[in-house]
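Take a look at the structure set out below.
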Amino acid sequence: MPLSDIRSRVESALAAAGRPADAVKLIAISKVQPLDRVEAVLEQGHRVFGENRVQEAESKWPAFRERYGDVELHLVGPLQTNKLNKALDLFDAIHSLDRDSLAKKLANAVQARGICPQLFIQVNTGREPQKAGIAPEALDDFMETCSTSYALPIEGLMAIPPADEPTEPHFRLLAELAARHGLKGLSMGMSGDFEAAIACGATHVRIGSAIFGERIPPSR
Ligand SMILES: *Cc1c(COP(=O)(O)O)cnc(C)c1O
C-alpha cells in the first residue's frame, strides 16, 4: 500500500478518536526489506524508520543517512548489551528497554556520551514466556529503578501483543500503565492493528509490511 494511503488511514483514525492530526509518529519498519523499497519510501520524503536488529541497521542506515540527510531511526527489537554502543551511535530512540542489566549499562553509556536516546520500556502485556519485556506487575519497581538508581528519562511504554489474541485489551492495558506513571509515549500498533492502537492512544505506530509489502527473507 502506498505510504500516502497509510498516512491518510493514520489521520482518519486520529480524527475518529478526536485526537490532533500530529499526535502520532509513523515509524516505517524497514527490517529485512529490499533496499529499493526503502529507498522508494525515502524518495517520498519519509524520514522516520525502525529496525529490529542493530547489525542490520548498521549495514544500511549510515549510507542512507549520507544520501538523504537526517533520518530518525528507532530500535524496536531486543538490544544485547554488547551492541549497546553501536546502538547508541545509530538510533535516536530505543523501544526495547526491558531489563535491569540493560538499564544500568545504558545509564553509564548515556552519562559518558552526554546524550540520551528516547527510551521506551517494553512491557510484556501478554506475559508470554518467550517474549521480552517487563511484566505488567513489575513495571512499578522497574520505573522506580530507572529513575532513582539510573536517572534515565523514560519517554513511554512499548508492547507487542500476543499474535493470537485480540490486541485491543493489550493496547488499553499499556495505555493505563502509561497514564499511571505519567508517561506520554505509547509505542503500539503494527500493520494489522494500528487504527485500533490509535483509538487507544498510541503516539508511535510501527508499520512494516503495510508500507513496504511482505517481507522477503534474505536468501542464503
Ligand atoms: C516487524 C515489527 C513491526 C512491523 O510489523 P508489520 O506487521 O510488518 O507492520 C513492528 N514492531 C516490531 C517490534 C517489529 O519487530
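The values are calculated or read from the model by the stated rules, or taken from the named source; none is laboratory data. This structure is a prediction, so every number in the text was calculated from the model and none was measured. Note: ideal-geometry Cβ built from the backbone for every residue, glycine included; neighbour counts use all protein chains shown.
Is it the case, given these coordinates, that residue 12 is within 25 Å of residue 146 (Cα to Cα), away from the ligand (no atom under 16 Å from the Cβ) and exposed (fewer than 14 other Cβ atoms within 10 Å of the Cβ)? Judged against the criteria, residue 12 is not a match.
Considering the stretch 156-193, the residues that are assigned to a loop (DSSP other than H, G, I, E, B) and crowded, with 22+ Cβ neighbours inside 10 Å include one that is nearest to the ligand (Cβ to nearest atom), namely 160. Assessment of the stretch 201-210 against the conditions (part of a helix (DSSP H, G or I), within 25 Å of residue 26 (Cβ to Cβ) and either touching a strand residue (DSSP E or B) at 6+ places or on another chain (Cβ under 9 Å) or touching a residue at least 40 places away in the same chain (Cβ under 8 Å) (or both)) yields at least one matching residue.
Annotation note: of 199, 210, the sole residue that is within 11 Å of the ligand (Cβ to nearest atom) and either among the aliphatic types (A, V, I, L, M) or touching a His at 6+ places or on another chain (Cβ under 9 Å) (or both) is 210. The residues in the stretch 118-135 that are within 18 Å of the chain's Cα centre (by Cα) and either more than 21 Å from residue 77 (Cβ to Cβ) or not aliphatic (A, V, I, L, M) (or both) can be counted, and the count is 8.
Taking the stretch 39-114 and the strands (runs of 3 or more DSSP E) fully enclosed by it, the elements with 2 or more residues that are touching a residue at least 60 places away in the same chain (Cβ under 8 Å) are at 93-97. A count restricted to the stretch 80-117 and to residues that are charged (D, E, K, R) and under 14 Å from the mean Cα position of the chain (by Cα) stands at 2.
Output yes when any residue across the stretch 137-151 is away from the ligand (no atom under 16 Å from the Cβ), part of a loop (DSSP other than H, G, I, E, B) and surrounded by 16 or more Cβ atoms within 10 Å (Cβ to Cβ), and no when none is. Checking the stretch 137-151: at least one residue is away from the ligand (no atom under 16 Å from the Cβ), part of a loop (DSSP other than H, G, I, E, B) and surrounded by 16 or more Cβ atoms within 10 Å (Cβ to Cβ).
This table checks each residue for (1) crowded, with 20+ Cβ neighbours inside 10 Å; (2) modelled with pLDDT of 95 or more; (3) of a type in the set (D, E, K, R).
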| site | (1), (2), (3) |
| --- | --- |
| 53 | no, yes, yes |
| 66 | no, yes, yes |
| 76 | yes, yes, no |
| 98 | yes, yes, yes |
| 118 | no, yes, no |
